[in-house]
Amino acid sequence: MARSRDLIERFSERLAGLPLVRPRRPESLPIVIDRRRVYVLPTAFGLFLAVMLLAMLLGGLNYNNNPALLLAFLIIAVAHNSLVHAHLTLVGLRLIALHAEPVPAGQPLLLRAAFEASGNRVRAGLELRAGDEEAFLDLMPGERTEVVLALPTQRRGWLALGRLRISTVRPFGLARAWSWLRPESRLLVYPAPEAGVVPLPDPGGDGQSRRTRSHGEQPHHLREYRTGDALRQIAWKSSARADRLLVREYEATAQRELDLDWFTLGTLGHEARIRRLARWVIDAERQGSRYRLRLPLAVIGPGSGAEHRHACLRALALMPDG
Amino acid sequence: MAEPLPSSVRAWCLAAAMACLLPLLLQVQAPLAISLLVVAAAGIAMPRPLPVLVRLLLFASLVGYVLATHGLNLGRDTGCAMLAALLAMKPFETHKLRDARSLLGFSMFAPFAAFLQDQGPASLLLALPAVALLLHALAMLAEQRPGAPAVRLQRQRARTIGVAVVMALPLALAGFWLFPRLGSPLWGLPENTLGRSGLGERMSPDQWVEMFGDDSPALRVRFEGAEPARQDLYWRGQVLWAFDGQTWSRGLSPTPLRGPPGQPRVEPVRYEVSLEPTDRRYLVMLDLPLASPEPGYLRSDYTVASHEPVGQLLKYTGVSSTDTRVATALSPEEERAALSLPAGVNPRMRALAAQWREETADDDVAMVRRALEWIGEDFAYSLSVPPTGRNAVDDFLFETRVGFCQHFSSAFTNLMRAAGIPSRVVLGYAGGYRNRYGDYWVVRRMDAHAWSEVWLRGRGWVRVDPTAAVAPERVLDTVEDLARGEALLPSSFAPLFEIGDWARRNWNDLVLGFNAARQASLLRPLGIDRASGAQLTAAFAVGAGLALALTLWVLVRGRPAPRDPLVRAWQAFTRRLHRAGLAKHPWEAPLSFGERVALALPAQAELLRSLSRRYASWRYAPGELAADDKSRLIAELQRYRPVAANAPPGEHR
């Protein structure tokens, strides 16, 4: 969820570009936050209270008003300790995993970040921020907690994470302690498939139309379920009778394969071709056919299944710009 | 930051603001305080903000009310009342997060403003829970992030705040004691527009009623060495020369005393006074002061004026002698002032004075004695006296013949002046009571007294207290009776009040009296007699550093280690193995860990396996370990020391 930033935050983000700010280079996981990379600055509210406290302190010193001085020093000490507390909330935090399922460009990428902490302090009120997106987490000692950030995507290919910021304003909201994280992880964004009705290309091979027979009449055989088979293919009735999972495999589709060819799309532009091929890949996979993807730099397939789909879409996503 | 405020958060923020407002409300005038409370309650109850115009109108009317109460002058108390009005208006506008933040910021300032008016322990005791509520509201505000899940550690919050305050105490005390103080203020305290009740520079018949009902202490005195007798305890405040028929006023402006002070005929007494704030510019001294105390200067009429109005508790030492010869000559101006009487009033008194003058010829002393005898024969003392008319002195001397110190001193002075003896009225306090717990005297506001001084040739100014001449059997009621009658608690509670006053005096001494001078002698145990600013700063740095180290230690420690001795022994065991290079992974179970280290240290394989097996069965298997089994396991775990991997078996370090 996007949130506006106050003056101090915008200032601190501009400071993040300075060469002295740690981390200086992208780093590999697990990222451990040590005390030298935690920065603490007061929030706008904290500055306002600081001005008030300074006025109270000056007034108390000037008039030698001891109760006022006691109160002022007490509040100043509490505020100072809260800075230390906020600092310690971040020190010892570890980002141990970053994971995101690739999504088509335009859809939000759900980034899963897993955190762990050392020591036996409770770390409450942590905020993870990437760009304009924010997520909140509390860490109990010894537990591993995962948080999800929805990053917007525009282009296909590798998504540069840039800097993540983990911060907290607790316990009193007077100052923000933060640390920058620059994980080296790369996140993949698939190309957006072409919208509208896009028919798959005709398959080569038999020449038999695949729409003439319904599925139940096509020659098929039953085989044992193998890990990775689509749930769609399971023959439930037969499995119930045989008391183990059986999969119906169509011989027709076992032989027929689709050829998704880059070079047959001469009329479309570069990006349009990629989108159409992406759409074809998705439809072919949904249909259950075997398909082969032909690209200028690679040929992938023939095959089917989630892994093959991923390989094809990945190749399409990483196509150089035309 | 225009996010709306959840109602629970708003409730806490308003509670904190009202708690901060309370000590301030106790310092403003009662009717104003009640109206502000009503306004604040209305603001809290209103769920939606009022239109801006209505709010402006309300605020303008509150400001007008405050100014009207304080008479359009801007003094310290006006400022405090304005702040209270501002805070009382704030609940009307507190509906967003941003409003809550500004509310808390201003309410943090309110107790400070209250301390400017009253430094008693009551204000501080009210301010401390207000600060705790304020911190709680701040913590709740910090948790308000849009989209954040609801806080699941609500009890934790209160505990966090308690711990935060307690851990802040060392640093706060280090700052309070060691932060260098200013020897003299950079700018002065603005005066109050409405002065406190007390002795002023006038004596009029109506001012006494309020004073006689006020049993709060006016000053506390501790004598060093011998204490004077009770009948000599006259406390000199102001000297009044001018009489207009009803009211005595200062008349002559006294100048600083030139030349040496009077000759004491008795051993002078030294004493230390702590004067409660009066907002006026005089210091109260024992009759007659011989030297100027620090914060003031001795004047020609032997009263002491202070450089600054006494806005805060003031402590000073004085030297006085109860019997002093002041043999200065009377200047013509003084003589004229000391003999002037208003024309056309009190004819019978004049006639009487003239008659006595004939009878006593030139003998002033006889004149005085005659007047005092007359008082002793015919006059009575009472506090309930009918009001007097135009010829106030005549009415008193010849009609009512009942009165209190105001009447006696006024009439006596008039009589002396009519007889040609220069005389004046002295306003101050008389008596006091001794607090046996603290070994000091308390002079209360109701001990205010007025007496006369007459100038006798060859002897100078001599004190004459006409009220004391009243026969004891004619004392109809005293101030004590009045106090007893109006007191809420019976007089058997007197020891309680004495203890309370003693506690208050200690508060004044220890807390309020801590200033730059006392701070300079704070480092005396370390051998530094008068610490300079640099030394104090260094001491502060050291003290603050120690306090911060303590804080860090507590914070880093986190939760304390588990209590079970067996778990602690197991953790010590794993730590020892960690130091030997065999760290236990967080996900490793005791059994598999035991297996792994047994393989790594074959010399002790049997022992390691046994230890881990027994620990795992205690920890995870159902059923309890027998007590001596458990203690044996603990002992073995604590005794265990890893041996180097390639040492021959049987060799132990």
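So the values come out like this:
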item	result
Simple spin-label estimate for B:Leu53 and A:His99 in nanometres, 7 Å along Cα-Cβ	6.3 nm
Antiparallel bridge percentage (DSSP; both residues within the protein assembly as shown; nearest 5)	90 percent
Ranked by how many other beta carbons lie within 10 Å on average, peptides B:466-475, A:160-169 from highest	A:160-169, B:466-475
log10 of Debye I(q)/I(0), alpha-carbon scatterers only, for the protein assembly as shown at 0.07, 0.09 Å⁻¹	-0.85, -1.12
Separation in nanometres of the label points that stand 7 Å from Cα toward Cβ, at A:Phe263 and B:Leu550	8.3 nm
Rounded if a/c under 1.5, otherwise prolate or oblate - the stretch B:44-136, Cα gyration tensor axes	oblate
Cα gyration tensor category, rounded, prolate or oblate, for the stretch B:284-433 with a/c compared to 1.5	prolate
Net charge of Cβ neighbours under 12 Å - reference B:Leu103; Lys, Arg +1; Asp, Glu -1	+3
Segments B:498-507, B:313-322, B:328-337 sorted - mean Cβ within 10 Å per residue, highest first	B:313-322, B:498-507, B:328-337
Likely footprinting exposure, B:Met285, B:Met203, B:Met18, fewest C-beta neighbours within 10 Å first	B:Met18, B:Met203, B:Met285
Inter-label distance for B:Glu227 and A:Leu231, nm, one decimal - labels placed 7 Å from Cα along Cα-to-Cβ	9.5 nm
Anisotropy class of the stretch B:340-414 from Cα gyration tensor, a/c 1.5 cut	oblate
Zone of A:Glu27's modelled label, taken as backbone nitrogen in the stretch A:125-140 under 17 Å from a point 7 Å along Cα→Cβ	A:128-129
FRET efficiency, B:Gln263 to B:Glu201 (Cβ-Cβ, R0 35 Å, nearest 0.05)	0.75
Cut-off 14 Å between beta-carbons: net charge of the residues surrounding B:Ala520, Lys and Arg +1, Asp and Glu -1	+3
Mean ellipticity per residue at 222 nm, deg cm²/dmol - from DSSP H runs of n ≥ 4 across the protein assembly as shown, formula -39500 (n - 2.57)	-13000 deg cm²/dmol
Under the span-like rule (Cα at least 30 Å along the axis, Kyte-Doolittle mean at least -1.0), DSSP H helices of chain B	B:97-117, B:121-142, B:154-178, B:533-557
Extended-chain gain in nm, criterion 0.36 nm per residue less alpha-carbon gap, B:Arg270 and B:Ser253	3.3 nm
Exercise: per-residue mean of other protein chain Cβ atoms within 10 Å, A:125-138	2
For B:47-59, mean number of other protein chain Cβ atoms within 10 Å	0
Local electrostatic count, B:Glu377, Cβ distance below 14 Å [Lys/Arg +1, Asp/Glu -1]	+1
Mean Kyte hydropathy of 0.5 or more with a Cα span along the axis of at least 24 Å, helices from DSSP in chain A	A:44-63, A:66-90
Label-reachable residues, the stretch B:355-378, where backbone N falls under 17 Å from a point 7 Å from B:Ala471's Cα toward its Cβ	B:370-378
FRET efficiency, 1/(1 + (r/R0)^6) with R0 35 Å, evaluated for A:Arg223 and A:His270 via beta carbons	0.25
At R0 = 35 Å, FRET efficiency that the Cβ-Cβ distance of B:Val63 and B:Leu125 yields, to 0.05	0.70
Neighbour-count order for B:Ser123, B:Ser107, B:Ser61, fewest beta carbons within 10 angstrom listed first	B:Ser61, B:Ser123, B:Ser107
Listed residue (A:Gly266, A:Met56, B:Gly259) projecting farthest to the positive dipole end of the protein assembly as shown, Cβ model	A:Gly266
Fewest-first sequence of A:Ile234, B:Ile44, A:Ile31 by Cβ atoms within 10 Å of each Cβ	A:Ile234, B:Ile44, A:Ile31
Contour excess over end-to-end distance, with Cα ends at B:Ala337 and B:Leu607 and 0.36 nm allotted per residue	86.3 nm
Segment B:Arg568-B:Leu72, extension gain: residue separation times 0.36 nm, minus the distance between their alpha carbons	171.4 nm
Reference-scaled alpha-carbon Rg (2.2 N^0.38 Å with N residues) for chain A	1.46
Residue-averaged beta-carbon neighbours from other chains (10 angstrom radius) around B:168-178	5
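Read-outs: derived from the displayed coordinates by stated rules, not from any lab. Being a predicted model, the structure only gives us computed values, none of them experimental. So basically every Cβ, Gly included, is an ideal-geometry build from the backbone, and we count neighbours across all protein chains shown.
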